[in-house]
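Read-outs throughout are calculated quantities, based only on the coordinates presented, and are distinct from any laboratory measurement. If you're wondering where the values come from, they're calculated on a predicted model, not measured in any experiment. Counting neighbours? That spans all protein chains shown, and the Cβs are built from the backbone with ideal geometry, glycine included.
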Amino acid sequence: MNEKVIWDLRIEQVIEKLKKGKRIDGRKLDEYRPLEIKAAFSQNADGSAWVKLGATEVVCGVKFGLGEPYPDSPDEGALSVNAELLPIASPVFEVGPPNEDATELARVVDRGIREAKAIDFKKLCIEEGEKVWIVFIDIYAINDDGNLFDASSIAALTALLNARIPKLEDGEIVKKEYSGKLKLGKLPLLTTFAKISNFILLDPCLAEEKSKEGRFSVATTEDKKITAMQKGEVGAFKLKELENCIDLAFEKSAAVRKTIKESIGED
């Protein structure tokens, strides 16, 4: 039996279970899969995190680099987010430059952090107009079982929360020495939903992603602000459905933040 036939049968199973009010893995429609986080797992990154959401696994590293500021913001540092969908994560991911899916993933994570003003870029200025810190966030998918958006967002935020700013001497980075921790003003997180028939599912697994007609991701902060939204696929969401998704995102992201804080030893 070829892979397409297998997935067709799997999709049929997802839809049939939903008609009975059930999900393929037994969860409620508004329930996340089990979440595991390991913070600061890398000895070489300035900040890092490993996240397992169900069977989806993502690692993230933060690295500070020296660079020139943008001409229109001479007293501000910068942020660069990159995502790679490694071939070890899925048989459909290929070696090579980031594809459209990886680019979209990086941009949505970036937008959620940037628009929340989670990082005070002015504090990353070393010498106005000359030298600033650039925060590089690198996300790597190592197993894809659906919802890489939320897993990547959780990993990026966790890595930022344990990130340390390198020490400078004579304008050069001193390896393995740090001047202090990066401080975040907000804690933005993505929450992702899939629409299948008339059902809205939180945190879709891979079988549910393949069954979906539409995808909606929203980035929210702890003070209930929306910092980014992303609609995927061709299926449409009604206004009331989006409102319900946003309300649920505020609720669920609060629980995820608590798990993140526990992983880095904060209450």
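Since only F41, G77, V95 are under comparison, the one whose Cα sits farthest along the positive direction of the charge dipole of region 33-263, derived from C-beta charges on Lys, Arg, Asp and Glu, is F41.
Suppose only helical runs count, i.e. DSSP H with n ≥ 4. What mean residue ellipticity at 222 nm does that imply for the chain under -39500 (n - 2.57) per run, divided by all residues and rounded to the nearest 500 deg cm²/dmol?
Working: 5 runs with 78 residues, N = 267.
For the chain, the value works out to -9500 deg cm²/dmol.
Any idea what the alpha-carbon Rg over 2.2 N^0.38 Å comes to for region 1-105? Write out the running numbers ahead of the final one.
Working: Rg = 19.8 Å, N = 105, 2.2 N^0.38 = 12.9 Å.
So region 1-105 has a normalised radius of gyration of 1.53.
May I ask you to order 135-142, 36-43 by the average number of other C-beta atoms within 10 Å around their residues, highest value first? Mind dumping the intermediate values first?
Details: 135-142: 21.5, 36-43: 15.9.
Ranked from most to least packed, the peptides come out as 135-142, 36-43.
Extending 7 Å from the Cα toward the beta-carbon at both T259 and K225 defines two label points whose distance is 2.5 nm.
Contact order normalised by length for the chain, with contacts defined as Cα pairs under 8 Å and 6 or more residues apart; what percent is it?
Details: 568 pairs, mean separation 54.3, N = 267.
Across the chain, relative contact order equals 20 percent.
The equivalent ellipsoid of region 106-234 has semi-axes of 35, 15, 11 Å, largest first, where each one is the square root of 5 times an eigenvalue of the Cα gyration tensor.
Take peptides 155-163, 222-230 and line them up by average Cβ neighbours within 10 Å, highest first, as a rough protection proxy. Each step should come with its number before you reach the end.
Numbers: 155-163: 26.9, 222-230: 15.9.
Ranked from most to least packed, the peptides come out as 155-163, 222-230.
For the Cα trace of region 92-161, dividing Rg by the Kirkwood Rh returns an Rg/Rh value of 1.04. Sequence neighbours fewer than 8 away in the same chain don't count; with that in mind, list the aspartates and glutamates whose C-alpha is under 15 Å from K225. Straight-distance partners of K225: E115, E243, D247, E251. Grab the other residues whose beta carbon is less than 14 angstrom from that of E213, score K and R as +1, D and E as -1, and report the net. For residues surrounding E213, the net value is +2.
The listed peptides 235-242, 51-58, ordered by packing as a protection proxy, come out as 51-58, 235-242 (highest mean of other Cβ atoms within 10 Å first).
Counting Lys +1, Arg +1, Asp -1, Glu -1, what net charge surrounds D75 among other residues with beta carbon under 14 Å of its beta carbon? Once all neighbours under 14 Å are counted, the net charge is -4. Each residue of region 137-152 is assigned a 3J(HN,Hα), and the resulting list reads 10, 10, 10, 10, 7, 10, 7, 9, 10, x, 6, 5, 4, 5, 4, 5 Hz, derived from the Karplus form 6.51 cos²θ - 1.76 cosθ + 1.60 (θ = phi - 60°), x at Gly and Pro. What would the Debye equation give as log₁₀ I(q)/I(0) for the chain at q = 0.09, 0.13, 0.17 Å⁻¹, counting only Cα atoms as equal point scatterers? For the chain, the Cα-only Debye profile gives -0.43, -0.85, -1.34. Each part gets one Cα centre, and for region 124-199 versus region 221-267 those centres are 18 Å apart. Which pairs, out of K19/K52; K28/K63; K117/K231; K38/K186; K224/K261, put more than 26 Å between their alpha-carbon atoms? Beyond 26 Å between Cα atoms: K19/K52; K28/K63.
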